[in-house]
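Enquirer: Just dropping this structure here.
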Amino acid sequence: MTREIQKAEKERVVRRAFRAAFPHTIPIFAGFWFLGLTYGIYMNVSGFSFIYPMLMSVTIFAGSMEFVAVNLLLGAFSPLQAFAMTLMINARHLFYGISMLEKYRGYGWKSFYLIFGMCDESFSINYTADVPRDVNKGWFMFFVSLLNHFYWFSGATLGGLFGSFIHFNTEGLDFVLTAMFVVIFMEQWLKEKNHISSLLGLALSLICLVAFGADNFIIPAMLAILIVLTLSRRPPETRLDDDTGAPAETRLDASAENLAETDAQKGGEQA
């Protein structure tokens, strides 16, 4: 009976996290599906079977690089060129990874998928979202990453399948994600009490844009933002439990699960 209660409670925790994560990913769905369809159609008209965008969207899961990979597949075999191109395009993920070291730590097997599935959009949501106290953060971030991954995968696969039957001008669809990031930035701006970090990011990006040009400013801008924010940041204070020595964040997640388990047990006793 105890195992059944624990199993039912675990399912409740997972469902609660899914319901909390899904609304955050709806704007991503709109952007990813259109771009995923565009990518699948692009692969189709380039002469590739739908299997290629389907497998590449599952295993690579890097939209910009997947578009570039089409030309790499059509060109001469050059692994060094492919490596250098991938590093240049996705170098920003190094900074994402540093920012998420603490957030993704300690969630078991989910941490591995969170690292693999971290894209721009998943990073934005998992880093800034206010997760309810009764929702498990590990499962919340897992479902954000999984849903975003599924949106891209399904769009790319459908585009590859039906690309030969769809004929429309796809020019301008890449602006969908730009508009989405503007919305995410504005939402975060409204939540902030202090806009110093946001203003620093904008100012440093503009300086690097003028200094390095539109094609080369991203990496210098991110390096400058990382250095400035790191130097201006105070060392984080980790609150520990007097009895267990566990971090406060871990205790909150555990408390939420224990509270839900207590409710389930009370419901069982009343039944």
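The values are calculated or read from the model by the stated rules, or taken from the named source; none is laboratory data. Every value quoted in this text rests on a predicted model; they were computed, and no experiment measured them. Using ideal geometry, Cβ is built from the backbone for each residue, glycine included, and neighbour counts are taken over all protein chains shown.
Enquirer: Within region 89-130, take every residue that is free of Cβ contacts under 8 Å to residues at least 24 places away in the same chain and of a type in the set (A, V, I, L, M, F, W, C) and give me the one that is farthest from Ile60 (Cα to Cα).
Expert: Applying the filter and picking the extreme gives Leu101.
Enquirer: What's the number of the only condition in (1) touching a helix residue (DSSP H, G or I) at 6+ places or on another chain (Cβ under 9 Å); (2) more than 23 Å from Val144 (Cβ to Cβ); (3) exposed (fewer than 13 other Cβ atoms within 10 Å of the Cβ) that Glu102 fails to meet?
Expert: All conditions are met except number (2).
Enquirer: Sort through Arg19, Arg3 and tell me the only one that's part of a helix (DSSP H, G or I), closer than 23 Å to Phe142 by Cα and either free of Cβ contacts under 8 Å to residues at least 24 places away in the same chain or over 17 Å from the mean Cα position of the chain (by Cα) (or both).
Expert: Arg19
Let's see how each residue does on (1) at pLDDT 90 or above; (2) out of contact with any helix residue (DSSP H, G or I) (no Cβ under 8 Å at 6 or more places or on another chain); (3) more than 27 Å from Leu226 (Cα to Cα); (4) not charged (D, E, K, R):
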site	(1), (2), (3), (4)
Met118	yes, no, no, yes
Ala156	yes, no, yes, yes
Ile166	no, no, yes, yes
Gly172	no, yes, yes, yes
Met180	no, no, no, yes
Phe185	no, no, no, yes
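Enquirer: Right, another one. Among the residues of region 187-223, how many are assigned to a helix (DSSP H, G or I), of a type in the set (Gly, Ala, Ser) and either at pLDDT 85 or above or closer than 27 Å to Trp33 by Cβ (or both)? First the steps, then the outcome.
Expert: Kept after step one, since they are assigned to a helix (DSSP H, G or I), are these residues of region 187-223: 187-191, 196-212, 218-223.
Restricting the remaining residues to those that are of a type in the set (Gly, Ala, Ser) gives 197-198, 201, 203, 205, 211, 221.
Next, from what is left, pick out any that are either at pLDDT 85 or above or closer than 27 Å to Trp33 by Cβ (or both): 203, 205, 211.
Qualifying residue count for the region: 3.
Enquirer: To continue, here is another question. Return the residues of region 100-120 that are more than 20 Å from Ser64 (Cα to Cα), in a loop (DSSP other than H, G, I, E, B) and among the small types (Gly, Ala, Ser); say none if nothing qualifies.
Expert: Matches in region 100-120: Gly106, Gly108.
Enquirer: Across region 2-23, what is the total count of residues that are surrounded by fewer than 22 Cβ atoms within 10 Å (Cβ to Cβ), touching a helix residue (DSSP H, G or I) at 6+ places or on another chain (Cβ under 8 Å) and not charged (D, E, K, R)?
Expert: Qualifying residue count for the region: 8.
Enquirer: Confirm whether Leu231 is outside any loop (DSSP other than H, G, I, E, B), touching a residue at least 40 places away in the same chain (Cβ under 8 Å) and under 21 Å from Glu102 (Cα atoms).
Expert: When the stated conditions are applied, Leu231 does not pass them.
Enquirer: Within region 24-37, work out how many residues are surrounded by fewer than 21 Cβ atoms within 10 Å (Cβ to Cβ) and at pLDDT below 90.
Expert: Selection size over region 24-37: 4.
Enquirer: Just the residues that are surrounded by fewer than 20 Cβ atoms within 10 Å (Cβ to Cβ) and in contact with an Asp or Glu (Cβ under 8 Å, 6 or more places away or on another chain), please, taken from region 54-69.
Expert: Answer for region 54-69, where residues must be surrounded by fewer than 20 Cβ atoms within 10 Å (Cβ to Cβ) and in contact with an Asp or Glu (Cβ under 8 Å, 6 or more places away or on another chain): just Ile60.
Enquirer: Same structure, new question: Conditions: (1) touching a helix residue (DSSP H, G or I) at 6+ places or on another chain (Cβ under 8 Å); (2) at pLDDT 95 or above; (3) surrounded by fewer than 19 Cβ atoms within 10 Å (Cβ to Cβ). Phe142 meets all but one. Number of the miss?
Expert: (3)
Enquirer: Which of the residues belonging to region 118-131 are surrounded by fewer than 18 Cβ atoms within 10 Å (Cβ to Cβ) and either under 9 Å from the mean Cα position of the chain (by Cα) or within 13 Å of Tyr104 (Cα to Cα) (or both)?
Expert: Tyr127
Enquirer: Could you tell me which residue of region 124-145 is farthest from Met186 (Cα to Cα), considering only residues that are in a loop (DSSP other than H, G, I, E, B) and of a type in the set (D, E, K, R)?
Expert: Asp134
Enquirer: Please verify whether Ile51 is of a type in the set (Val, Ile, Thr), at pLDDT 85 or above, more than 23 Å from Met88 (Cβ to Cβ) and buried (at least 17 other Cβ atoms within 10 Å of the Cβ), treating the condition exactly as stated.
Expert: no
Enquirer: Can I ask one more? Give me a count of the residues in region 70-99 that are within 30 Å of Phe140 (Cα to Cα) and part of a loop (DSSP other than H, G, I, E, B).
Expert: Count: 1.
Enquirer: Next question, about the same structure. Could you tell me whether region 35-51 includes any residue that is closer than 16 Å to Ser122 by Cβ and part of a helix (DSSP H, G or I)?
Expert: So far as region 35-51 goes, yes, one or more of its residues are closer than 16 Å to Ser122 by Cβ and part of a helix (DSSP H, G or I).
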